[in-house]
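*Asks:* Before we start, here is the structure in question, set down as structure tokens.
The values are calculated or read from the model by the stated rules, or taken from the named source; none is laboratory data. Bear in mind that the values here come from a model prediction, so they are computed numbers and not experimental data. Positions of Cβ are generated from backbone atoms using ideal geometry, with glycine treated the same way; all protein chains shown enter the neighbour counts.
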Amino acid sequence: MATETNVLERAVTIKVPVENLHPNNWNPNRQAEFDFELLKRSMLTDGFTTPVLVRPHPDSDEPGIYQILDGYHRYKAWSEMGNTEIDVIVLNVSDAQARLITMQMNNRGTEKADMVADLLRELAEAGHVELLRDELMMDDVEMKRMLESIKTESEELAKIQVSSEMLGPSGAGLGSLDASQGIDLTADEKRAKQRVLANMKAQEEDAMEAKDKETFRIVLVFSDQEAEVVKAVLDVLGKEAGTGGQAAAVLELCRRATEAA
């Protein structure tokens with residue numbers, strides 16, 4: 001059975017006016033100013049080597065107007081260098097496919113994880129779970145687990161508040177380049193909340209690990225008559241300790257052994 005991803009047309013590179021390209025509003029991939037300047041230097045040396053992936057802009061009736069699916073920073077750098085034309089590959093794809101392509105082409109660590117989560121939620125609500133599941137090669141169990149994880153994370157993020165000083169790629173505020181690129185503050189605020197949540201979970205794990213180091217666990221296995229004897233002794237000692245628990249009983253036994261030594 002054919003899926004939406006089977007309708008991608010053969011890729012053909014064409015030149016179009018730079019001014020005819022417009023960024024999408026769902027790509028959370030960010031680039032530091034230093035990396036952006038390195039990209040410009042690379043283009044000065046090697047030229048424009050990788051076409052930008054675009055599709056006909058869904059909000060424009062004018063032909064030749066495109067929405068960027070992948071290559072926003074290449075487009076931005078190329079245009080800032082004074083170039084008037086740019087190489088693009090035009091794909092006729094649906095909204096769901098467009099978002100999926102952006103995610104697949106931007107595979108940078110946690111940013112991709114965030115994109116997968118956002119896409120999964122949006123595509124699930126729009127009835128496109130099968131498309132995403134096929135492209136990511138996930139089975140039903142993995143899909144269910146991710147959906148439950150996303151729901152839990154969304155509830156936790158809603159409780160977190162962040163200030164403007166916590167925005168930006170490094171969480172140290174927005175830089176001049178961020179402002180000039182027209183950053184999506186809603187998406188940036190979400191990333192800041194995710195950083196806070198990640199730090200909170202890391203602290204919880206550290207606390208649990210520290211507590212675990214203070215815990216002494218023993219596993220003793222007895223059978224038949226030995227088991228009956230040990231159980232009877234522990235029951236008596238547990239009651240004497242006032243808790244009835246076997247751990248308290250073992251502790252009481254150790255204390256008596258220590259006092260008798």
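*Asks:* So, in the range 82-105, of the ones that are out of contact with any Phe, Trp or Tyr (no Cβ under 8 Å at 6 or more places or on another chain) and among the polar types (S, T, N, Q), which residue ends up farthest from residue 66 (Cα to Cα)?
*Replies:* For the range 82-105, the residue satisfying everything is 104.
*Asks:* Here's something else I'd like to know. For the range 48-85: of the residues being among the aliphatic types (A, V, I, L, M) and within 14 Å of residue 23 (Cα to Cα), which is surrounded by the most Cβ atoms within 10 Å (Cβ to Cβ)?
*Replies:* 69
*Asks:* Of the conditions (1) at pLDDT below 70; (2) outside the structural domain of residue 103 (by TED's automatic domain parsing), residue 146 fails just one. Which one is it?
*Replies:* Checking residue 146 against (1) at pLDDT below 70; (2) outside the structural domain of residue 103 (by TED's automatic domain parsing), the one that fails is (2).
*Asks:* Can you tell me which residue within the range 4-46, out of those that are of a type in the set (Asp, Glu) and at pLDDT below 85, is farthest from residue 130 (Cα to Cα)?
*Replies:* Looking at residues that are of a type in the set (Asp, Glu) and at pLDDT below 85, I get 37.
*Asks:* How many residues does the range 186-221 contain that are of a type in the set (Gly, Ala, Ser) and in contact with a Pro (Cβ under 8 Å, 6 or more places away or on another chain)?
*Replies:* Residues that pass the stated criteria total 1.
*Asks:* Give me the residue from the range 97-106 that is in contact with a helix residue (DSSP H, G or I) (Cβ under 9 Å, 6 or more places away or on another chain) and surrounded by fewer than 19 Cβ atoms within 10 Å (Cβ to Cβ) and, out of that set, modelled with the lowest pLDDT.
*Replies:* 106
*Asks:* Is it the case that the range 107-114 has a residue that's in contact with a helix residue (DSSP H, G or I) (Cβ under 7 Å, 6 or more places away or on another chain), modelled with pLDDT of 90 or more and not in a loop (DSSP other than H, G, I, E, B)?
*Replies:* no
*Asks:* Another question about this same structure. Just to be sure I understand, how many residues within the range 53-96 are modelled with pLDDT under 90 and hydrophobic (A, V, I, L, M, F, W, C)?
*Replies:* 2
*Asks:* Condition first: of a type in the set (S, T, N, Q) and surrounded by 13 or more Cβ atoms within 10 Å (Cβ to Cβ). Now tell me which residues in the range 214-261 satisfy that.
*Replies:* The answer is 243, 246.
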